[in-house]
1. Of the residues that make up region 196-211, is at least one under 13 Å from the mean Cα position of the chain (by Cα), at pLDDT below 85 and over 22 Å from THR256 (Cα atoms)?
2. All but one of (1) out of contact with any Asp or Glu (no Cβ under 9 Å at 6 or more places or on another chain); (2) open to solvent by 20 Å² or more (accessible area, probe 1.4 Å); (3) at pLDDT below 90; (4) not acidic (Asp, Glu) hold for THR173; state the number of the condition that does not hold.
3. Can you tell me how many residues within region 64-78 are more than 23 Å from ALA102 (Cβ to Cβ) and at pLDDT below 90?
4. Which condition breaks for SER94 when tested against (1) closer than 30 Å to VAL251 by Cβ; (2) small (Gly, Ala, Ser); (3) without any contact (Cβ under 8 Å) to a residue 24 or more places away in the chain?
5. Let me spell it out: the conditions are (1) in a helix (DSSP H, G or I); (2) modelled with pLDDT of 90 or more; (3) open to solvent by 30 Å² or more (accessible area, probe 1.4 Å), and ILE96 meets all of them except one. Which number is the exception?
6. Please go through region 21-79 and give me each residue that is open to solvent by 50 Å² or more (accessible area, probe 1.4 Å) and assigned to a helix (DSSP H, G or I), ordered by number.
7. Which one of these does LEU262 not meet: (1) open to solvent by less than 60 Å² (accessible area, probe 1.4 Å); (2) within 29 Å of the chain's Cα centre (by Cα)?
8. Please tell me if ILE183 is among the hydrophobic types (A, V, I, L, M, F, W, C), crowded, with 16+ Cβ neighbours inside 10 Å, more than 16 Å from MET159 (Cβ to Cβ) and under 17 Å from the mean Cα position of the chain (by Cα).
Amino acid sequence: MLSAGVIQTSIEDLKTITKVELVVVNESGAVMADTSGKIQVDESRIAEFIASPADSQAIAGHLYLKVFDEGEVAYVLVCEDSNEDYTIAKIAVSQIQNLIIAYKERFDKNNFFQNLILDNLLLVDIYNRAKKLHIDIEVSRVVCLVEAKYDKDNGALEMLKSLFSPQAGDFVTAVDEKNIIIIKQLENDNSYQNVEEVCSTIVDMINTEAMIKVKVAYGNIVNELKDVSKSYKEAKMALDVGKIFYVDKDVISYATLGIGRLIYQLPVSLCRMFIEEIFGQEMPDNLDEEILTTVNMFLENNLNVSETARKLFVHRNTLLYRLEKLQKSTGLDIRVFDDALTLKIALMVVSYLQYLENTEY
């Protein structure tokens, strides 16, 4: 049902153009909108008019016209009884009925997409409802998930709604207090690079204008409406994996999660078995910060001793001493590729286990 403010704005605009005073009441006779305050509405006459078969009727010097919503009387419009006012009143009735349709379609689209991403619709329902709501079925789409570092406010949501237009086929809705879903419709020539740029724009805009730290994750591009839920699940996984393994990234793509995606899907028991097999009781998270920094820098520089020493601002011999210290404590010589790979995976598995422990409390 339309709000009183929307109806008031509509008939006020019409009055400004035509100078005709209008009143809109609901089926109970309560005034929803009034341009003058001079037209007196009799509730009993409203009830009689609604019960009558007539769509319009002249009663006691006033014109009464019905406003329908799917065949049922939603409102009654009242104006002075004259031929000129009758024409304007018919235009007002048509305008309000079109507003009802538009607002219902907007609400229905919101409901449709929410059920779509949650897999609450049968395949036949997806196509039937999409046709009714004028939603294209076979166009490329991608789901982006925006998570605020702190509680999301309406400012961020409204900002995104202004950036992504329903006229362009986009859809924006809040999931919970911290997450916003964007279903972005793509042009035929759009690529993952374009999607990455859109997500970077979202991060920059919200960081700058709303002063909110956000992360944005997106799934794979899908070409059918029924696969939108798949892209949403991928975006959700990308966001979770990004928070564990790629904490420095503000934009995370499901397609580039790499080994992090594999570890995220491993059973916890298997992860713990792997850690115990490699390290025994000496868990790698017990390594001091200096050693961990050295390990990460050494891996980032492709096991290059000289480059790592330069980046850490230490002497080459100091770096070699740290690597030997690590070898004594873990049994792994990360100057050897196999040992470096083992330690890299082990550190990622430990990060995953720590994330699971923290989210349990």
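1. no
2. Condition (2) is where THR173 drops out.
3. Looking only at that region, the number is 0.
4. Of (1) closer than 30 Å to VAL251 by Cβ; (2) small (Gly, Ala, Ser); (3) without any contact (Cβ under 8 Å) to a residue 24 or more places away in the chain, only one is false for SER94: (1).
5. For ILE96, the exception is condition (3).
6. GLU43, SER44, ARG45, ALA47, GLU48, ALA51
7. (1)
8. Considered against the rule, which asks whether it is among the hydrophobic types (A, V, I, L, M, F, W, C), crowded, with 16+ Cβ neighbours inside 10 Å, more than 16 Å from MET159 (Cβ to Cβ) and under 17 Å from the mean Cα position of the chain (by Cα), ILE183 comes out as yes.
The values are calculated or read from the model by the stated rules, or taken from the named source; none is laboratory data. Predicted, not measured: the structure shown is a model, and the values here were computed from it. Here Cβ is always computed from backbone atoms with ideal geometry, including for glycine, and neighbour counts include all displayed protein chains. Surface accessibility is based on the protein's heavy atoms, side chains included, excluding ligands, DNA and RNA. Shrake-Rupley method; radii C 1.70, N 1.55, O 1.52, S 1.80 Å.
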